[in-house]
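Heads up: the structure comes next, in structure tokens.
The values are calculated or read from the model by the stated rules, or taken from the named source; none is laboratory data. All values derive from a computational prediction rather than experimental measurement. Cβ coordinates were reconstructed from backbone atoms using ideal geometry, including for glycine residues, and neighbour counts include every protein chain displayed.
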Amino acid sequence: MEATSAGLEMYRLMLTARRFEEKSLALSHAGKFSNYHSCLGQEALGVGACYQLERDDIVFPSYRGIAVRITRGFKLKDLMAGLFHKSVAPTRGRIPMHHTPNIELGVWGTTAMQGSIPPIAAGSALASKMLKTNQVSICFFGDGGSNRGDFHEALNLAGIWKLPVIFVCENNFFAKSMPVSRSTAGGSIWQRAASYGIPGELVDGNSVLAMQAAVRRGVERARSGDGATLLECETYRWEYHSTEGDREKEWAAGLDEWKAKCPIERFEKVLLEQKLATRTDFGRIGSAIDAEIDEAVAYAQAAPDAVPEHALENVYR
Amino acid sequence: MVREITFREALREALHEEMRRDSKVYVMGEDAGHFGGLVGVTIGLIEEFGAGRVIETPISESGFVGAAVGTAVRGFRPVVEMGLGDVVLVAVDHIVNTAAKTNYFYDGQTTAPLVFRVSSGFRPSGGPQQSQTPEGVFANVPGLKIVMPSTPYDAKGLMKAAIRDDNPVLFFEPKQLYNMKGEVPVGDYTVPLGVADVKRPGTDVTVVATGVMVPSAIRVAAELGKDGISVEVVDPRSLRPLDTGTLLNSLQKTGRVVIVHEANKFMGIGAEIAAMLAEEGYRYLKAPIRRLGSKETPMPVSKFMGEYVIPQPRDIATAVRELAAYQ
């Protein structure tokens, strides 16, 4: 870890993602908005991966991208207004909050087609190469998405063209209700990297420091012209696939085991052990986050609804 | 200066000129390099522009179309070669779900200026998966533009306009027309997207034809002229956006219209054109609208079967005569 401030800042980002999600889930269950896809429990992954990236690096989040977006500097009130489909949200009620791009913050689009993002990220990396810039492209997708043909095609293209891209597989062990054990032959995703001639790594996705280190290795490779990296990061979501369903029996069976590996509690322990923070620090940070979230919810609820006619804008340029 | 070149050469010339004009334009696709692409359009490009701008891909239609979109949002203008055009259907996800929605998702932050070159239509020895004309599959998708030229002049001008357009454009190249010769100016000009062209003026019956059906319709018009039937042939050239004004003007003049395309008739683009003319031009109609399209079957491989399935000049002539005689 670099400095006290860096450690506490990563802690703050993880806790912000956690509290934002808890609030969003509560609002969704209360019927304030429909269908919320949570990444509760997966906070270390997005924060650790994105914390050290440069401002102009190019991030393609997955559908569970709250931690990624918060780390890249999204405002909570913009995300919350997006969940309420309000006109003041960057999405203006036109697309789901989970898709919100912000090129200034280096967060590019995602797609609702699970596993379709790796080729787009490979293309972005090709653009960096053609433009001769130093920008790294990084994309996030689930274990489920890694079984799509696009995964293979993108990693093959990244291999033959030596593209500056990092493929981050968020292995939370379930594609909705389908467990990796029944969906994924060979039992490993990271080992597939060998067939494309690129390094693959199995990462503790619930350790923000392990994530940071693994992505840093990928970034160094990419920036020095050595090409792509595949990271399989193990984690677990603490909620059903989305607030629309609660029929995932196999997933529910693994929940207690993984809640014991809470990424935030683990990081608190590290910070305390290394005397980089105190419990008082955690409490102070948490209170500030709660206030910010309350403000975001009030802002979103008070904001005017989406303007129907905006549906027709920017269909074409 | 104007001289005669083929449809294929006109496309190649457009690519050469646009790549010289704008360093962000590049070509990508299977066999696009020294081989010159499966339909020979990209011959000579790699020699002039190098492998950095004529990018040969493995057989990965979904992967490289997705990658092309990834470069487009970063400011490039890829022209993606879809080989024998039916493979465009392998890449539907990144065309319909990714490219077509890019403007909408980014809401003005960036665009997806891509051209997908799709060779289409009957091909001897092709068969059901190498002879399709699938423009209708894409024409129902907001966010896409659809172009189908019928002359070398339009091919060059529309290709240049498509490359300069900030939206994803599906550019259909009727395979039967690649060797067609026609007058094409040397140097720069564009044919704007969304503007139809009256290929032959007439007063009795309008034939709205697309792609390979345009030269057939012009031949039929010449023949029927001898019998005193004056046929106007209109080529929409762009199917989305559709130039409804030119089509309605022609209907206003003739009051009778035959629509003909190579794609299957059911749910084909002709259905949209017929519906539009009926909705907006019903006052002008002196006879029922007639539609001609391929019979409802996958495209067979045999030439004799193909001629049976695809509308032929005699079918166009019969439809025009019937409408001309309609009281």
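Here are a few things to note about the model shown:
- Candidate set from the range B:257-307 (those that are among the β-branched types (V, I, T) and over 18 Å from the mean Cα position of the chain (by Cα)); member that is farthest from B:T246 (Cα to Cα): B:V301
- Lone unmet requirement of (1) assigned to a loop (DSSP other than H, G, I, E, B); (2) touching a Pro at 6+ places or on another chain (Cβ under 6 Å) for A:A89: (2)
- Qualifying residue in the range A:192-205 (condition: among the polar types (S, T, N, Q), under 25 Å from B:V65 (Cα atoms) and either surrounded by fewer than 19 Cβ atoms within 10 Å (Cβ to Cβ) or within 18 Å of the chain's Cα centre (by Cα) (or both)): yes
- Criterion applied to A:P101, A:P61 was being within 14 Å of chain B (Cβ to nearest Cβ), free of Cβ contacts under 8 Å to residues at least 60 places away in the same chain and crowded, with 24+ Cβ neighbours inside 10 Å, and the one residue passing it is A:P101.
Rundown of residues vs (1) more than 27 Å from B:E4 (Cβ to Cβ); (2) in contact with a Lys or Arg (Cβ under 9 Å, 6 or more places away or on another chain); (3) of a type in the set (S, T, Y), yes/no style:
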position	(1), (2), (3)
B:P185	no, yes, no
B:A209	no, yes, no
B:R237	no, no, no
B:L247	yes, no, no
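- Within the range B:207-262, being assigned to a helix (DSSP H, G or I) and among the hydroxyl-bearing types (S, T, Y) holds for B:S216, B:T244, B:T246, B:S250, B:T254.
- Only residues that are in contact (Cβ under 8 Å) with a residue 24 or more places away in the chain, farther than 19 Å from A:S181 by Cβ and surrounded by 14 or more Cβ atoms within 10 Å (Cβ to Cβ) were counted across the range A:241-289, and they come to 17.
- Restricted to the range A:111-143, and to residues there that are polar (S, T, N, Q) and outside any loop (DSSP other than H, G, I, E, B), the residue that is nearest to the other protein chains (Cβ to nearest Cβ) is A:S124.
- In the range B:111-125, of all residues being among the β-branched types (V, I, T) and assigned to a strand (DSSP E or B), the one that is surrounded by the fewest Cβ atoms within 10 Å (Cβ to Cβ) corresponds to B:V118.
- For the range A:291-317, residues that are buried (at least 18 other Cβ atoms within 10 Å of the Cβ) and closer than 22 Å to A:T16 by Cα total 5.
- Scanning the range B:19-37 for residues that are out of contact with any His (no Cβ under 6 Å at 6 or more places or on another chain), among the aromatic types (F, W, Y) and either crowded, with 21+ Cβ neighbours inside 10 Å or under 18 Å from A:W161 (Cβ atoms) (or both) turns up at least one hit.
- Residue that is farthest from the other protein chains (Cβ to nearest Cβ) [pool: residues in the range B:90-99 that are in contact (Cβ under 8 Å) with a residue 40 or more places away in the chain and crowded, with 24+ Cβ neighbours inside 10 Å]: B:I95
Residue by residue, here is whether (1) buried (at least 23 other Cβ atoms within 10 Å of the Cβ); (2) assigned by TED's automatic domain parsing to the domain that holds B:K145; (3) more than 20 Å from B:S119 (Cα to Cα); (4) out of contact with any Ser or Thr (no Cβ under 9 Å at 6 or more places or on another chain) holds:
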{"site": "B:P168", "(1), (2), (3), (4)": "yes, yes, no, no"}
{"site": "B:P174", "(1), (2), (3), (4)": "yes, yes, no, no"}
{"site": "B:N179", "(1), (2), (3), (4)": "no, yes, no, no"}
{"site": "B:T210", "(1), (2), (3), (4)": "yes, no, no, no"}
{"site": "B:T244", "(1), (2), (3), (4)": "no, no, yes, yes"}
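- Residues considered: B:K160, B:K199, B:K145. Of these, the only one that is crowded, with 19+ Cβ neighbours inside 10 Å, touching a strand residue (DSSP E or B) at 6+ places or on another chain (Cβ under 6 Å), more than 14 Å from chain A (Cβ to nearest Cβ) and within 15 Å of B:S238 (Cα to Cα) is B:K199.
- Sole residue being within 28 Å of A:G283 (Cα to Cα), touching a helix residue (DSSP H, G or I) at 6+ places or on another chain (Cβ under 7 Å) and surrounded by 20 or more Cβ atoms within 10 Å (Cβ to Cβ), chosen from A:A67, A:A89: A:A67
- Set B:V87, B:V79: member being touching a residue at least 24 places away in the same chain (Cβ under 8 Å), assigned to a strand (DSSP E or B) and more than 11 Å from chain A (Cβ to nearest Cβ): B:V79
- Entry remark, the range B:101-137: residues being touching a residue at least 60 places away in the same chain (Cβ under 8 Å) and either within 14 Å of chain A (Cβ to nearest Cβ) or within 29 Å of A:I58 (Cβ to Cβ) (or both) number 3 in total.
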